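Take a look at the structure below.
The values are calculated or read from the model by the stated rules, or taken from the named source; none is laboratory data. This structure is a prediction, so every number in the text was calculated from the model and none was measured. Heads up, the Cβs are rebuilt from the backbone with ideal geometry, glycines too, and the neighbour counts pull from every protein chain shown. Note: areas computed on protein heavy atoms with side chains; ligands, DNA, RNA excluded. Shrake-Rupley method; radii C 1.70, N 1.55, O 1.52, S 1.80 Å.
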Amino acid sequence: MTNTATPRPTARLDFARTAPKVFRAMIALDAAAREGLDPTLVELVQVRSSQLNGCAYCLDMHVKDARKAGESDERIYLLPVWREAPEGVYSERERAALALAEQITRIGDGVSDAVYERAAELFPEPELAGLISLCFTINAWNRINVATRKTPGAP
């Protein structure tokens, strides 16, 4: 039997080592964005954005972090189809955050008034600002790691 698996791409560069100032700034930005947000919500948003961006490194890391934070396998497995998940699997706040995260990730179509207004109804302004910050931060991490081909398990 022949192995027909596609070989894993090799990393292009060690971003943390090559651009340490930018890397440290990203770490600080990430920490600031998370401040005041529910850790479970943070991980759900980061997993969903990483799925949409095809970032294997971030997806692997944030699924593991979600599990460590007590997230259930069911909610992680249903995340790609959260809209179709049975009622009660995701809270209204989580649904609003996921809708906002998807539109920020797919920014080419903009963020609709309906999605923004729903998030604004459920999140006080400081949390909403944090959620928006979390979205652009995970998208930046995804782009760094996809561009440099950082693979799961890499330091």
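Of note:
- Per-region count, the range 140-155, residues open to solvent by 30 Å² or more (accessible area, probe 1.4 Å) and hydroxyl-bearing (S, T, Y): 1
- Subset of the range 119-139 that is among the small types (G, A, S) and within 15 Å of V42 (Cα to Cα) - its residue that is surrounded by the fewest Cβ atoms within 10 Å (Cβ to Cβ): A129
- The condition (being at pLDDT below 95 and open to solvent by 40 Å² or more (accessible area, probe 1.4 Å)) is satisfied by just one residue among D60, D14: D14.
- In the set A96, A32, A25, only one residue is open to solvent by 20 Å² or more (accessible area, probe 1.4 Å) and closer than 26 Å to R118 by Cβ; that residue is A32.
- Residues in the range 44-57 that are buried (at least 22 other Cβ atoms within 10 Å of the Cβ) and not hydrophobic (A, V, I, L, M, F, W, C) were compared, and the one that is farthest from E92 (Cα to Cα) is S50.
- Residue list for the range 63-81, restricted to those being open to solvent by 50 Å² or more (accessible area, probe 1.4 Å) and touching an Asp or Glu at 6+ places or on another chain (Cβ under 7 Å): A69
- Among the conditions (1) more than 30 Å from A11 (Cα to Cα); (2) open to solvent by less than 10 Å² (accessible area, probe 1.4 Å); (3) not basic (K, R), E84 misses just one, which is (2).
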